[in-house]
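What follows is a set of notes on a single structure, which appears directly below.
The values are calculated or read from the model by the stated rules, or taken from the named source; none is laboratory data. Since the model is a prediction, treat every value here as computed from it, not as a measurement. Don't worry about glycine lacking a Cβ; one is built from the backbone with ideal geometry, like all the others, and counts go over all protein chains shown.
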Amino acid sequence: MFSRSLFRLSRFILLKIPYVFRFLGRFRSPRKRLLIIKADAIGDYILFRNFIALVKNSEKFKDHRIDLIGNELWQDIALTYDSEFVNNFIFLNLNDLYTAPLQTLKLGWRLFRNNYDTVLQPSYTRTFVGDGLAALTGARNIIGFESDNEGILPRYKRKTDKTYRLLLKVPMDIQFEFDRTKLFFETVLGQKLAIQKPQLPAEKKTKNSILIFPGAGAAKRSWEPGKFLELIQLIIKHTTKHIILAGGPDEIKTGETLMNALPAQNVTNRIGQTPLTELIGLIADADLIISNETSAIHIAAAVDTKAICILGGGHFGRFAPYPPGIKNAPLCLFEKMACFNCNWGCHYKTAENEPFPCVSAISMEKVWAEVQAAL
């Protein structure tokens, strides 16, 4: 339950204590130590993680110790693939800090004592807690995006903007999150970067399977289970491919509903049962991924597996579709509406478990046609 009194204490720590730490920081010489704050969702990390190695190997930071504040959701991926580039990980659920003032203060003191010379916030959508942690470092060189107000109220953003030495503006023609992150690090490092898309090392073994992700973390951003059921039945009827259902704990009920209507010999349910590192292997081995807009489509792009993405309009162009010319980019299916790019603040009235209109408008027939073409 949200505690307003605890939030007020956390807010005081995040807004006021940094003034004290910045004053104290004037009397010390910073160490060669870099902090990166990147604590958003799994898909965001997939689009970001390749830049850690580029920072570590850059002329500017090759002799720095690098720390990373990350989301506990993708801890397994980071430790498996990126521990050689990061000296110390701090995994959190940043939302917990809004009502955990003591934990916030302890973490802030720890960050201040680390005496960073540079703090980077490469997420385009900043948050109040993320800004507050950057400020609590007391670092003189804090860099982030000018950002929007999707993750932070304007009254707080006006105050936390003052924390930053540099706030990057994004040109109107750069919408894709990977390209925004690339622009960020090109600016910070002072050099052009050749990387064009996310990449993950994975050994590919053909297993004659189609991996389906019927959830998206929220029912309103997910294609209807009934359409997934009909699609899976068509795949079983017209191909010899084995179907694997995958996803997080929030989709367990959806998986059970589908399995009750499908032949067990043709479908395996792995929803809520697959660690992230194992999931990457499943995606690499699959012939095709069919998913709502989730981290699965970014993982598929990173391991060069064909993917079909059922795409709503909330963040259209930001995370998907991928820009033209990207090798093995997901094929995104959508029905364009005038209200696209609403940041999922849909103004249509829908039932609690009914998808947003931009998602439900995508027909099963349209998806099935593209599945046939992909196979």
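Each residue in the range 1-30 was checked for being hydrophobic (A, V, I, L, M, F, W, C), surrounded by fewer than 17 Cβ atoms within 10 Å (Cβ to Cβ) and within 16 Å of R110 (Cβ to Cβ), and 2 pass. In the range 128-142, the condition of being surrounded by 14 or more Cβ atoms within 10 Å (Cβ to Cβ), closer than 25 Å to D63 by Cβ and within 20 Å of the chain's Cα centre (by Cα) is met by at least one residue.
Put simply, of K204, K197, K192 the only residue that is of a type outside the set (F, W, Y) and either in a helix (DSSP H, G or I) or at pLDDT below 95 (or both) is K204.
Is it the case that K182 is assigned by TED's automatic domain parsing to the domain that holds I244 and among the basic types (K, R)?
Numbers: assigned by TED's automatic domain parsing to the domain that holds I244: no; among the basic types (K, R): yes.
When the stated conditions are applied, K182 does not pass them.
Applying the condition of being loosely packed, with under 14 Cβ neighbours inside 10 Å and without any contact (Cβ under 8 Å) to a residue 12 or more places away in the chain to the range 182-200 and asking which residue is nearest to V267 (Cα to Cα) yields A194.
Contact annotation: residue pairs with Cβ atoms under 6 Å, 6 or more positions apart or on different chains, pairing a residue in the range 201-218 that is within 26 Å of H315 (Cβ to Cβ) with a partner that is in a loop (DSSP other than H, G, I, E, B) and polar (S, T, N, Q), are F213/T294; G215/S222; A216/S222; A216/T294.
I'm checking my understanding of the structure. Among residues of the range 280-306 that are of a type in the set (D, E, K, R) and more than 15 Å from A216 (Cα to Cα), which one is surrounded by the fewest Cβ atoms within 10 Å (Cβ to Cβ)?
D304
Residue pairs whose Cβ atoms lie under 8 Å apart, separated by 6 or more positions or on different chains, with the first residue in the range 253-276 and of a type in the set (K, R) and the second assigned to a loop (DSSP other than H, G, I, E, B), are R270/A246. Looking at T160, is it part of a helix (DSSP H, G or I), under 21 Å from the mean Cα position of the chain (by Cα) and not assigned by TED's automatic domain parsing to the domain that holds H315? Taking the combined requirement at face value, the residue does not satisfy it. Can you work out which of the residues in the range 36-59 that are of a type in the set (D, E, K, R) and under 13 Å from the mean Cα position of the chain (by Cα) is nearest to F89 (Cα to Cα)? If we take residues in the range 36-59 being of a type in the set (D, E, K, R) and under 13 Å from the mean Cα position of the chain (by Cα), then K38 is nearest to F89 (Cα to Cα). Given the condition charged (D, E, K, R), under 23 Å from R221 (Cα atoms), surrounded by fewer than 20 Cβ atoms within 10 Å (Cβ to Cβ) and assigned by TED's automatic domain parsing to the domain that holds I362, answer yes or no: does some residue in the range 317-334 qualify? There is at least one residue in the range 317-334 that is charged (D, E, K, R), under 23 Å from R221 (Cα atoms), surrounded by fewer than 20 Cβ atoms within 10 Å (Cβ to Cβ) and assigned by TED's automatic domain parsing to the domain that holds I362.
So, in the range 215-240, how many residues would count as being touching a Ser or Thr at 6+ places or on another chain (Cβ under 6 Å) and either at pLDDT 95 or above or not in a loop (DSSP other than H, G, I, E, B) (or both)?
Of the residues in the range 215-240, the ones touching a Ser or Thr at 6+ places or on another chain (Cβ under 6 Å) are 215-216, 225.
Subsequent filtering for residues that are either at pLDDT 95 or above or not in a loop (DSSP other than H, G, I, E, B) (or both) retains 225.
The qualifying residues number 1.
Just checking, how many residues over the range 66-99 are over 12 Å from T277 (Cβ atoms), touching a Phe, Trp or Tyr at 6+ places or on another chain (Cβ under 6 Å) and surrounded by fewer than 19 Cβ atoms within 10 Å (Cβ to Cβ)? Counting residues in the range 66-99 that are over 12 Å from T277 (Cβ atoms), touching a Phe, Trp or Tyr at 6+ places or on another chain (Cβ under 6 Å) and surrounded by fewer than 19 Cβ atoms within 10 Å (Cβ to Cβ) gives 2. Of all residues in the range 22-49, none that is in the same structural domain as V119 (by TED's automatic domain parsing) and on the phi > 0 side of the Ramachandran plot has its Cβ atom under 6 Å from the Cβ atom of a residue that is crowded, with 20+ Cβ neighbours inside 10 Å and of a type in the set (A, V, I, L, M, F, W, C), 6 or more apart or on another chain.
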